[in-house]
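Presented below is the structure to which this report refers.
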Amino acid sequence: MKKLLLSITVLSSSLMTWAQNGQLQNGGFESWTTTTLYDFPIEWTSSNQEQFYGTPTVIKSTDAQLGSYSAEIRSVAIGAAPDTAFGYVFLGATGGAGPSSGTPYTAAFNTVKFQYKCNLPESGDSVYMYFGRFIGGGLVEMAIFPAFGGVQSGWTQGTIPVSVTPQEELFIGFVIGDPNNNLLCAPGSWARIDNVQLFNNATQTTDLPNPSFETWSSNSKSSLLLAFRQRMHKAITSMPSFNQKDSNALACG
């Protein structure tokens, strides 16, 4: 530990000397970098925004059936135990009791169509479609439909018939697994979804917002602190008096 303290003292003196001589890199903090934590599709609520544990469960995929992008939802193992994080995308919002609102939508329809690919090799693992209708701010219909499962390497059309109940707001989305019923997919499973459409019999109705997941945004953080820590560690560990025991002490500190 004495060697470690001596090393830090020497490093601190060196940094002060660099600063006095005008040689400290980025001493005015004018240069910054950012690290993207995750992407999320505009208009859609995603698991990345609501339950991010360090690994994205929704991916902006460049494998698309229509346009340039699709939404990939994943099942991910997190933690030492581990636990399972599940990906989802919804149009609408959720609260403690489930869906709390939808996206404004008044057109009549009785069928939901979408394109998908998937790698859900475990028997019984599925993607589910969550579906609800609101009138006057109140939920008047709620249903959960098994949408697809198995392994599908090519783009395939999914079709789900629904009721013809009218609505003022529509809640619709896709989840890998059905966490409401404790049905979680095996970690490593994924599904891609694209081109979500509504039909009234054979006639396509008004488009949903961002139906093909073409518009995305991202959440980022500055990596300046991480880079500084890495430079400090490299500088300290490169000193002749530094050894592995000191490295462990530095890591613990």
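The values are calculated or read from the model by the stated rules, or taken from the named source; none is laboratory data. All figures in this text were calculated on a predicted structure; none of them were measured in a lab. Cβ sites come from the backbone with ideal geometry, for glycine too, and all protein chains shown count toward neighbours.
Against the conditions (1) surrounded by 13 or more Cβ atoms within 10 Å (Cβ to Cβ); (2) more than 19 Å from Glu72 (Cα to Cα); (3) not basic (Lys, Arg), Ala147 satisfies every one except (2). Test Thr17 against the stated conditions and say whether it is touching a strand residue (DSSP E or B) at 6+ places or on another chain (Cβ under 7 Å), modelled with pLDDT under 95 and hydroxyl-bearing (Ser, Thr, Tyr). Spelling it out, it is not the case that Thr17 is touching a strand residue (DSSP E or B) at 6+ places or on another chain (Cβ under 7 Å), modelled with pLDDT under 95 and hydroxyl-bearing (Ser, Thr, Tyr). Quick check on region 114-124. Is at least one of its residues crowded, with 21+ Cβ neighbours inside 10 Å, outside any strand (DSSP E or B) and under 22 Å from the mean Cα position of the chain (by Cα)? Checked against the condition, which is being crowded, with 21+ Cβ neighbours inside 10 Å, outside any strand (DSSP E or B) and under 22 Å from the mean Cα position of the chain (by Cα), region 114-124 yields no hits at all. Ile59 fulfils the conditions (1) in contact with an Asp or Glu (Cβ under 7 Å, 6 or more places away or on another chain); (2) part of a loop (DSSP other than H, G, I, E, B); (3) surrounded by 14 or more Cβ atoms within 10 Å (Cβ to Cβ) except for a single criterion, (2). Taken over region 194-215, the criterion of being within 15 Å of Tyr88 (Cα to Cα) and either loosely packed, with under 15 Cβ neighbours inside 10 Å or of a type in the set (A, V, I, L, M, F, W, C) (or both) is satisfied by Val196, Phe213.
Exactly one residue among Val140, Val151 is touching a Leu at 6+ places or on another chain (Cβ under 9 Å) and more than 20 Å from Glu43 (Cβ to Cβ), and that residue is Val151.
Taking the listed residues Ala202, Ala147, Ala227, Ala191, the one that is in contact with a Ser or Thr (Cβ under 8 Å, 6 or more places away or on another chain) and modelled with pLDDT of 95 or more is Ala147, with no other qualifying. A count restricted to region 64-97 and to residues that are at pLDDT below 95 and under 25 Å from Thr205 (Cβ atoms) stands at 2.
Specify the residue that is nearest to Val140 (Cα to Cα); the eligible residues are those in region 164-213 that are of a type in the set (Ser, Thr, Tyr) and in a loop (DSSP other than H, G, I, E, B). Here the residue is Thr165. Sub-9 Å Cβ pairs linking a first residue in region 179-206 that is on the phi > 0 side of the Ramachandran plot to a second residue that is part of a strand (DSSP E or B) and among the β-branched types (Val, Ile, Thr), at least 6 apart or interchain, are Gly188/Val76; Asn201/Thr111, ordered by first then second residue. Taken over region 150-162, the residue count meeting the criterion of being over 24 Å from Gly67 (Cα atoms) and surrounded by 12 or more Cβ atoms within 10 Å (Cβ to Cβ) is 2.
Across region 125-142, the qualifying residues are those that are more than 24 Å from the chain's Cα centre (by Cα) and within 18 Å of Val89 (Cα to Cα), and the one among them that is surrounded by the most Cβ atoms within 10 Å (Cβ to Cβ) is Arg133.
Within region 77-99, the set of residues being at negative phi, surrounded by 12 or more Cβ atoms within 10 Å (Cβ to Cβ) and not in a strand (DSSP E or B) comprises just one member, Gly87.
Among residues of region 67-87 that are under 17 Å from Gly177 (Cα atoms), those with a Cβ under 7 angstrom from a residue that is assigned to a strand (DSSP E or B) and aromatic (Phe, Trp, Tyr), sequence gap 6+ or separate chain, pair up as Glu72/Trp190; Ile73/Tyr88; Ile73/Phe174; Ile73/Trp190; Arg74/Trp190; Ser75/Phe86. Sub-7 Å Cβ pairs linking a first residue in region 41-52 that is surrounded by fewer than 13 Cβ atoms within 10 Å (Cβ to Cβ) to a second residue that is not in a helix (DSSP H, G or I), at least 6 apart or interchain, are Ile42/Asn210; Ile42/Thr215; Ile42/Trp216; Ile42/Ser217, ordered by first then second residue. For region 184-193, the criterion of being exposed (fewer than 13 other Cβ atoms within 10 Å of the Cβ) and hydroxyl-bearing (Ser, Thr, Tyr) is met by none of the residues.
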